[in-house]
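See structure below.
The values are calculated or read from the model by the stated rules, or taken from the named source; none is laboratory data. The structure displayed is predicted, hence computed values, not measured ones. Neighbour counts run over all protein chains shown; Cβ positions are idealised from the backbone, glycine included.
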Amino acid sequence: MIKSTDRALDKEIYYQKDLERELDRRRSVIVFAFPLLVLMFWAADWIFSKSQAWIFLGLRLTIIPIAAALFIYLKSNTSSNKKLLAIALYAGWPAGLISIMIFMNDGTESIYRHGIILVALCSLVFIPFKKSIFYISCLSLYLPFYTIGILKSNSPSDFVNLLEFFLLTAFIVSISYQISKTKDKFRRELADVNSQKANELSYKEDLIEVQSNELYNLQSLSHQFSPNIIKQMELGNFSVNQGFIQADVCAIFICIQGFSDRVLKLENGKTRRIIDMFIEDTLKPLIRRNITIDKFEGDKVLAFSNQPIEQSNYIELVCEAAFEIRDNIQSRQEMYDRLWRSDFHLKFGISTGRVTVGFFGKEKAFQTYSAIGYPLPKAARLTSISLDSKIIIDEKVRDKLDPQKYKFKNIGPKTLKGFEDENVEVLTLEKSSAFINTYNNQSTICPNCESDNLQLEQDSSGFFVFICKDCEQNRYTKNYLKAS
């Protein structure tokens with residue numbers, strides 16, 4: 001929301017700009033109309049004061065250099081207030097000349113008094129209004145007449161004439177004031193409207209830019225996050241502009257075994273097909289469990305769980321994703337082996353620990369949600385021990401897992417590159433046979449009709465359930481199939 005002080009400032013800026021434009025439009029008229037008007041009335045001098053016509057012409061001609069000087073001044077970079085002041089004083093010049101002519105002619109009864117009225121109407125109504133400038137204009141127009149009139153008055157009739165003219169002056173000034181004030185009010189309202197339009201346009205442009213950036217960020221980050229996390233971002237539950245935090249995560253690194261050597265021997269079409277299959281079989285199990293994809297580099301995937309959405313079973317989710325990925329590969333093992341022209345295997349490394357996590361990158365440039373901390377490179381180093389799709393974990397992961405669900409095989413302490421100062425206890429991870437049997441027994445027979453025509457689906461509570469296609473009944477397998 002725009003602050004009131006900013007709105008007032010914007011309104012004044014638009015008002016001044018409009019005033020400048022009006023002065024530019026009227027500059028030629030203001031400068032040249034007065035001299036032309038003053039010189040045209042020289043014809044009246046031959047009617048009402050023929051004996052002094054040439055003297056009056058000399059007086060009238062003095063307005064020409066004044067007009068030329070004003071024209072140059074109005075073209076300068078001077079502020080609009082100073083320009084208005086110059087115009088107000090300039091309008092007083094012909095009024096002063098007429099005042100001199102009045103008292104060189106018939107005094108306060110002179111018909112030349114109507115010339116002052118004409119100049120006043122043109123000046124007070126035509127010149128853009130500003131209260132202080134209006135008062136100065138009135139003084140420059142009438143002060144010479146009343147000053148000379150008071151000094152030259154010798155009889156009561158002269159003072160009566162001055163009083164009559166004063167009443168007429170007051171009426172003209174009040175009417176001119178109301179007209180000018182109304183025009184100025186309209187100008188200020190127009191400035192306010194223009195200011196509002198400009199602010200609304202600026203706000204819309206900013207909003208469009210913000211929404212475009214957010215849309216770009218969501219599109220660019222959609223490869224990292226599950227639809228659930230993207231929805232949370234759309235709802236504003238967390239933003240790409242939030243700061244970094246410390247958090248416990250479980251990192252997993254997956255790569256194709258022997259990729260660098262084998263890829264040189266394969267046709268590009270087969271390599272691309274293998275990468276496509278690898279992406280499909282790898283990313284879906286991760287994304288489905290709200291596991292964040294940190295980096296994807298063709299044959300390698302680095303991901304971590306528990307951020308940006310915290311999950312109590314975040315280590316178990318990573319392990320289950322690894323099992324599913326391995327199962328996906330094995331379900332198409334024949335196709336992989338044929339394209340690979342050899343036995344196709346993955347390498348898995350899983351580690352856990354504390355990291356710094358958040359959005360890295362500039363706001364208007366590329367941004368990626370990433371984590372910095374030892375679990376990520378450690379998971380990558382653990383894959384150096386993995387062969388033939390073995391899932392390798394360290395002791396920290398083992399300590400957080402339920403031994404009734406998983407079984408571990410201790411490989412022994414290893415020194416990993418980049419972690420030479422510690423001996424890492426390395427283990428392989430598998431599901432326990434009892435857990436697998438329980439899962440298999442539950443998942444193949446419908447307890448209601450004893451049919452094996454079951455289909456795996458996800459319910460509204462986030463659990464994967466088996467739906468019996470014969471009797472439309474379902475049952476939960478919560479321990480193994482709970483979704484993220």
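GLY361 falls short on exactly one of the conditions (1) at pLDDT 90 or above; (2) surrounded by 13 or more Cβ atoms within 10 Å (Cβ to Cβ), and that condition is (1).
Listed here are the residues, each with its yes/no results for (1) buried (at least 16 other Cβ atoms within 10 Å of the Cβ); (2) on the phi < 0 side of the Ramachandran plot; (3) β-branched (Val, Ile, Thr).
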| residue | (1), (2), (3) |
| --- | --- |
| PRO35 | yes, yes, no |
| GLY58 | no, yes, no |
| PHE71 | no, yes, no |
| SER76 | no, yes, no |
| ASN81 | no, yes, no |
| ILE87 | yes, yes, yes |
| ALA95 | yes, yes, no |
| MET101 | yes, yes, no |
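Residues in region 388-425 that are modelled with pLDDT of 90 or more and among the β-branched types (Val, Ile, Thr): ILE391, ILE392, ILE393, VAL397, ILE411. Applying the condition of being of a type in the set (Phe, Trp, Tyr) and modelled with pLDDT of 90 or more to region 260-305 and asking which residue is nearest to ILE393 (Cα to Cα) yields PHE304. Just one of (1) surrounded by 19 or more Cβ atoms within 10 Å (Cβ to Cβ); (2) at pLDDT below 90; (3) in contact with a strand residue (DSSP E or B) (Cβ under 8 Å, 6 or more places away or on another chain); (4) within 22 Å of THR383 (Cβ to Cβ) fails for GLY349. It is (2).
Listed by position, the strands (runs of 3 or more DSSP E) enclosed by region 368-427 that each have at least 2 residues that are small (Gly, Ala, Ser) and in contact with a Phe, Trp or Tyr (Cβ under 8 Å, 6 or more places away or on another chain) are 368-372. I'd like to know if region 346-360 contains one or more residues that are more than 22 Å from PHE259 (Cβ to Cβ), within 31 Å of the chain's Cα centre (by Cα) and of a type in the set (Ser, Thr, Tyr). Taking every residue of region 346-360 in turn, at least one turns out to be more than 22 Å from PHE259 (Cβ to Cβ), within 31 Å of the chain's Cα centre (by Cα) and of a type in the set (Ser, Thr, Tyr).
All of ILE148, ILE172 fail the test of being surrounded by 14 or more Cβ atoms within 10 Å (Cβ to Cβ), touching a residue at least 40 places away in the same chain (Cβ under 8 Å) and more than 17 Å from MET104 (Cα to Cα), apart from ILE172.
Being farther than 27 Å from LYS405 by Cβ, in the same structural domain as ASP399 (by TED's automatic domain parsing) and either in contact with a helix residue (DSSP H, G or I) (Cβ under 8 Å, 6 or more places away or on another chain) or in a helix (DSSP H, G or I) (or both) holds for only one residue in ASP337, ASP294, ASP327, ASP281, and it is ASP337. A single member of ILE66, ILE55 is of a type outside the set (Asp, Glu), at pLDDT 80 or above and closer than 21 Å to LEU139 by Cβ, and it is ILE66. Exactly one residue among SER28, SER110, SER99 is within 26 Å of SER174 (Cα to Cα) and at pLDDT below 75, and that residue is SER110. Of all the numbered requirements in (1) closer than 28 Å to ALA86 by Cα; (2) modelled with pLDDT under 75; (3) of a type in the set (A, V, I, L, M, F, W, C), LEU143 misses one, and that requirement is (2).
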